[in-house]
Amino acid sequence: LNPIVQDTKKGVLRDYHGPIFWNYGALPQTWEDPNEKGGEEVGYCCGDNDPLDVVEIGSEILPMGSIQRVKPLGVLAMIDSGELDWKVLAISLEDPLASDLNDVADIKRLLPNTIAGIREWFRWYKTPDGKPLNTFGYDEIVQDAAFTQEVILHTHQSWKGLIQGEREPGENWIGFNKP
């Protein structure tokens, strides 16, 4: 229903300060509902009105705009300007390490410091624009693959409710509301 397009902020294509050392994208057919409040572990924040973000940690630079099959390994609960913005850590199924990476513990064992690097990059990435540091729910701990699957399923159900007209679309163009 929705086209896959590059992220924009205030009508301008999103650009990041400095390099990103992973592939960054989104999981289609998911939606972080801005009207749904999370629990204490995420500071009672609501969703950021976007699909789930994916941080693909494989060994290859994937083509921009490509659609990839990935294996979810863990998830970070980033809190950005008071909104919950989940970051799914995943590996491309085509990556040589895909068979060895199945959960957060495997990332820590085979790719040490990767999780800390991702968390710190997301903590600081908006500060060049004068914005405050981002924070993280769940005491900054990456949640495991099973928890990640629950987040994906929950946000998929939210997306289904959105496209079926059961949830308020806000600024989202979903094919039956006016852009």
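Below are the figures for this structure:
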{"quantity": "Under 5 Å, built H, 5+ apart or other chain: amide partners of F136", "calculated": "I79"}
{"quantity": "Among Y44, Y16, Y24: highest mean-square fluctuation, GNM of the chain, C-alpha pairs under 10 Å", "calculated": "Y16"}
{"quantity": "Chain lengthening between M64 and E36 when straightened (0.36 nm per residue, less Cα-Cα)", "calculated": "7.0 nm"}
{"quantity": "Scaled radius of gyration (Cα, divided by 2.2 N^0.38 Å) that the range 99-140 gives", "calculated": "1.44"}
{"quantity": "Translational diffusion of the chain, µm² s⁻¹ [Kirkwood Rh, Cα pairs; Stokes-Einstein; 20 °C; 1.002 mPa s]", "calculated": "126"}
{"quantity": "13 Å Cα-Cα reach of K131 towards aspartates and glutamates, excluding residues that sit fewer than 8 places from it in its own chain", "calculated": "D80"}
{"quantity": "Distant-in-sequence amide H partners of L89 (H built 1.01 Å from N, under 5 Å)", "calculated": "V55, L73, G74, V75, L76"}
{"quantity": "Percent RCO, i.e. relative contact order, over the chain, from Cα pairs under 8 Å lying at least 6 residues apart", "calculated": "23"}
{"quantity": "Spin-label model distance (nm) - C46 vs Y24, 7 Å beyond Cα toward Cβ", "calculated": "2.5"}
{"quantity": "Longest site-free stretch - the chain; sites: GluC sites (Glu not before Pro), DSSP loop, at most 13 other Cβ within 10 Å", "calculated": "95-165"}
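Every number here is computed from the coordinates shown, using simple stated rules; none is lab data. Everything numeric in this text was worked out from a predicted model, so none of it was measured. Positions of Cβ are generated from backbone atoms using ideal geometry, with glycine treated the same way; all protein chains shown enter the neighbour counts.
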